[in-house]
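A short worksheet on the structure shown next.
The values are calculated or read from the model by the stated rules, or taken from the named source; none is laboratory data. Values in this document were obtained by computation on a predicted structure and should not be read as measured data. Note that we place each Cβ from the backbone using ideal geometry, even for glycine, and neighbour counts take in every protein chain shown.
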Amino acid sequence: MYAVAGISGTRVMPGGLARVAADTAVDVVSTQRGGGSKDIWVLRTRRGCRRGNHRQDSGSHVRHDDIPSRLVENLYWFGRYTARCEDKARLLRGTIAARSDEAVWNAAVRFCRDLGVCSIDGDPTACLRDDRNPMGVTADVRRLAWCASQVRTRLSRAIGAL
């Protein structure tokens, strides 16, 4: 089961994780014999029902779209790296646009360096192509491309063609 710790204490969530077996090995639930795990969701049958007062649901809600956890993780990181690349590119674009005001330029460059977008000695215009900085835009674009290659079957053709 899943539990969440909060300010008012620990709360048990409705549902959990169940181990499942392949049809050929129902007597032994083992991942080595084709078994796995599935999320269990407890659905309310009507609004506002209280504990102990549940009516038995007449139908079963079984999902047959099993998504491997590795795919889900790669989709998550695909989104995170997309947001990081966009945020860093906007920061660098704004910094480069501030060149005409020396005080703003110096503050923006310092901000880029403090966040690791630019190396200590790096110029913001060169940071877009700096492949030595592990926190830079180029490194995040590489990570984004790798995640995209891992989830390419779940992306639309328009994104996949890029």
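Condition check for THR125 on (1) assigned to a helix (DSSP H, G or I); (2) crowded, with 16+ Cβ neighbours inside 10 Å; (3) among the β-branched types (Val, Ile, Thr): one failure, at (2). Annotation note: of GLY94, GLY116, the sole residue that is surrounded by 13 or more Cβ atoms within 10 Å (Cβ to Cβ) and more than 24 Å from the chain's Cα centre (by Cα) is GLY94.
Just one of the numbered conditions (1) of a type outside the set (Gly, Ala, Ser); (2) assigned to a helix (DSSP H, G or I); (3) modelled with pLDDT under 65 is not true of LEU75: (3).
Given the structure, is VAL104 of a type outside the set (Lys, Arg) and under 15 Å from the mean Cα position of the chain (by Cα)? Please lay out each step first, then the result.
On the way: of a type outside the set (Lys, Arg): yes; under 15 Å from the mean Cα position of the chain (by Cα): no.
Criteria not met by VAL104.
ASP130 passes every criterion in (1) outside any loop (DSSP other than H, G, I, E, B); (2) at pLDDT below 90; (3) among the acidic types (Asp, Glu) apart from (1). Against the conditions (1) among the charged types (D, E, K, R); (2) more than 30 Å from ASP39 (Cβ to Cβ); (3) surrounded by 14 or more Cβ atoms within 10 Å (Cβ to Cβ), ARG143 satisfies every one except (2). For TRP105, the conditions (1) out of contact with any Lys or Arg (no Cβ under 7 Å at 6 or more places or on another chain); (2) farther than 24 Å from THR153 by Cβ; (3) not in a loop (DSSP other than H, G, I, E, B) all hold with the exception of (1).
To keep it simple, each residue is scored yes or no on (1) of a type outside the set (S, T, N, Q); (2) out of contact with any helix residue (DSSP H, G or I) (no Cβ under 8 Å at 6 or more places or on another chain).
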position	(1), (2)
THR95	no, no
ASN106	no, yes
VAL109	yes, no
CYS112	yes, no
ASP131	yes, no
VAL141	yes, no
CYS147	yes, no
